[in-house]
Amino acid sequence: MSAAGKAREGAAGGPAAAAAAAILLRYLREQNRPHSAQDAFGNLQREHGLGKTAVVKALELLAQQGKIKEKAYGKQKIYFPDQDHFPSASDSELKVLDNEISDLSSKVQILQQNCCLMESELKELKGSMTTPEMVKEIEELKKDCADYTEKLERIKSGANHVTPEEKEKVYKEKKQYCREWRSRKRMATELLDAILEGYPKSKKQFFEEVGIETDEDFHVTLPPT
C-alpha cells in the first residue's frame, strides 16, 4: 500500500470505519432526507451493530470526502446526501411528488385530530372510576337501598301513625300559640316602651335591673304563621 493510501486509511480509522461509512452512505442515499448522528445510530445500530462513536466518525469522514453534506444547527449537526448524485426530476415527477406531499399532509392532519380526540378520551377515562371501583360502589348502593327499604317497611308497619286529623290539629294549635306569642310580645313591648319613656337609664340597664330576658337573648325567632 502506498504512503498516501496508508494515510487515507489511517484518517478513516481503518477498514471498520470504511465499512461503517459505506453503510451510512448507502442508508442516507436510500432515505434521502436529513439525519442527525443520533438518528442514524438509532436506525442502524440494531441491524448493523454500529456504535455511536463509529457512526459519528463515519459521518464526519463522508462529509470531509464530499459524499454527503453537513449542516450545523446550534450544537447539533445534520447530514444528508449530496443531491448531485441523484437525477433531476422532471416537471411531471415534481407534480406527482407535490400531490403525494399534499395527500400525506392531509393524512397527518387527520391523524393529529384523531390523536387529540383519543388523548381527550384517555384523560376522561383516567378521571373516571375503574371497573372494580364501580363494582364496589354498586354493592354499597345496593346495601344502602336495602337498609332504606327495611326502614321504610318498619315505618309502614308501625301502629303509631299520625292520622290526617291529628296532623291538622297540631298545625292549628301551632298557629294559635304563635298568634298568642306574637300578641303577648307586642303588649309587653308597648308596656316596656311606656316605662322606658320616664326611665333615666338605658333600656339594657333597665332589663338587667328588672331581670327581663328577651327572645333575642336566646336567639329565638317567632315562627311564621
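What pairs come up if the first residue lies in segment 25-45 and is of a type in the set (Phe, Trp, Tyr), the second is surrounded by fewer than 19 Cβ atoms within 10 Å (Cβ to Cβ), and their beta carbons are under 6 Å apart, counting only those six or more places apart or on different chains?
Taking only residues 6 or more apart or on different chains, the pairs are 41/52.
Those residues that are in contact with a helix residue (DSSP H, G or I) (Cβ under 6 Å, 6 or more places away or on another chain) and either loosely packed, with under 10 Cβ neighbours inside 10 Å or not basic (Lys, Arg) (or both), I need them from segment 183-205; list them, please.
The answer is 196, 199.
Kindly establish whether residue 209 is part of a helix (DSSP H, G or I), surrounded by 10 or more Cβ atoms within 10 Å (Cβ to Cβ) and free of Cβ contacts under 8 Å to residues at least 60 places away in the same chain.
yes
Of all the residues that make up segment 76-107, how many are at pLDDT 85 or above and over 25 Å from residue 18 (Cβ atoms)?
Matching residues across segment 76-107 total 14.
Go through 180, 153, 166, 137 for me and flag whichever is open to solvent by 80 Å² or more (accessible area, probe 1.4 Å), over 30 Å from residue 215 (Cβ atoms) and free of Cβ contacts under 8 Å to residues at least 60 places away in the same chain. Explain how you work it out, then say what you get.
Numbers: 180 fails: over 30 Å from residue 215 (Cβ atoms); 166 fails: over 30 Å from residue 215 (Cβ atoms); 137 fails: open to solvent by 80 Å² or more (accessible area, probe 1.4 Å).
Only one candidate passes the filter, namely 153.
Go through segment 70-116 and give me each residue that's among the hydroxyl-bearing types (Ser, Thr, Tyr) and either open to solvent by 90 Å² or more (accessible area, probe 1.4 Å) or under 30 Å from residue 59 (Cβ atoms) (or both).
Hits for segment 70-116 are 73, 79, 88, 105.
Condition (residue is basic (Lys, Arg), farther than 27 Å from residue 16 by Cα, open to solvent by 80 Å² or more (accessible area, probe 1.4 Å) and outside any loop (DSSP other than H, G, I, E, B)) applied to segment 49-62: is it met by at least one residue?
Among the residues of segment 49-62, not one is basic (Lys, Arg), farther than 27 Å from residue 16 by Cα, open to solvent by 80 Å² or more (accessible area, probe 1.4 Å) and outside any loop (DSSP other than H, G, I, E, B), which makes the answer no.
When the residues of segment 140-150 are narrowed to those that are charged (D, E, K, R) and open to solvent by 100 Å² or more (accessible area, probe 1.4 Å), which ends up modelled with the lowest pLDDT?
150
Tell me yes or no: at least one residue of segment 133-148 is β-branched (Val, Ile, Thr), outside any loop (DSSP other than H, G, I, E, B) and under 25 Å from residue 39 (Cβ atoms).
no
The values are calculated or read from the model by the stated rules, or taken from the named source; none is laboratory data. This structure is a prediction, so every number in the text was calculated from the model and none was measured. Neighbour counts run over all protein chains shown; Cβ positions are idealised from the backbone, glycine included. SASA here: full protein model, heavy atoms, side chains in, ligands and nucleic acids out. Shrake-Rupley method; radii C 1.70, N 1.55, O 1.52, S 1.80 Å.
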